[in-house]
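The values are calculated or read from the model by the stated rules, or taken from the named source; none is laboratory data. Not measured: the values here are computed from a predicted model. Because the Cβ atoms are built from the backbone with ideal geometry, glycine has one as well, and the counts that use them run over all protein chains shown. Each accessible area value is taken on the protein alone, full model and side chains, heavy atoms only, with ligands, DNA and RNA left out. Shrake-Rupley method; radii C 1.70, N 1.55, O 1.52, S 1.80 Å.
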Amino acid sequence: MIKTHGLTHLSLSVRDPERSLAFYRALFGVREYHRDQDSIQALGPGPHDVIAFERRASHGKPGGIDHFGFRLTDPADIQEAVRTAEAAGATILRQGEFSPGFPYVYIADPDGYTIEIWYE
């Protein structure tokens, strides 16, 4: 087994890195820590998470990734998550409960990537 700190980053092909940064900042509180001509890297929301927004012509194409998720700390926060997502410009795809007390919502970001916000 290889010892790691776990999954450390996600790199998304996006149309507009600035727009993506604003969306993920509004939704999850990420903060910029590096930028160059074609990309912005953001820290958060977890203490070791990095999301890179790379300007690419292939933006929004899943390339085999169906979705990625963010786990809530409290199931009661699901409706606030939905309101925050809508205010940030997300499209609500579907929501419900996996079982009683385990809510979820699937949203689409500005480039069409599917994000799951859920509690377990």
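Per-structure values
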{"quantity": "Region 19-120: chymotrypsin sites (Phe, Trp or Tyr not before Pro) in DSSP loop, at most 11 other beta carbons within 10 Å", "calculated": "Phe98"}
{"quantity": "Rounded to 10°, Cα long-axis angle of helix 17-28 versus longest principal axis of the chain", "calculated": "30 degrees"}
{"quantity": "Scaled radius of gyration (Cα, divided by 2.2 N^0.38 Å) that region 8-51 gives", "calculated": "1.03"}
{"quantity": "Length released on extending from Thr84 to Ala57, taking residue separation times 0.36 nm less the Cα-Cα span", "calculated": "6.9 nm"}
{"quantity": "Charge dipole magnitude, Cβ of K and R +1, D and E -1 - the chain, Cα centre, debye nearest 20", "calculated": "260 debye"}
{"quantity": "Residues listed by number, region 73-108, amide nitrogen under 16 Å from Asp16 label point at 7 Å toward C-beta", "calculated": "88-91"}
{"quantity": "Among beta bridges that DSSP assigns inside the chain, antiparallel share in %, nearest 5", "calculated": "70 percent"}
{"quantity": "Per-residue [θ]222 nm for the chain (sum of -39500 (n - 2.57) over DSSP H runs n ≥ 4, rounded to 500)", "calculated": "-5500 deg cm²/dmol"}
{"quantity": "Nitroxide proxy distance, nm - points 7 Å out along Cα→Cβ at Asp74 and Ile92", "calculated": "2.0 nm"}
{"quantity": "Accessible area (Å², 1.4 Å probe, nearest 10) - Glu80", "calculated": "90 Å²"}
{"quantity": "Accessible area in square angstrom per residue, region 40-82, 1.4 angstrom probe", "calculated": "60 Å²"}
{"quantity": "Percent carbon-and-sulfur accessible area, region 18-58, ignoring ligands, DNA and RNA, probe 1.4 Å", "calculated": "49 percent"}
{"quantity": "Read-out Cα extents along the principal axes in Å, derived from the coordinates shown; its label in [x] 46, 39, 27; [y] 80, 28, 21; [z] 52, 34, 23", "calculated": "[x]"}
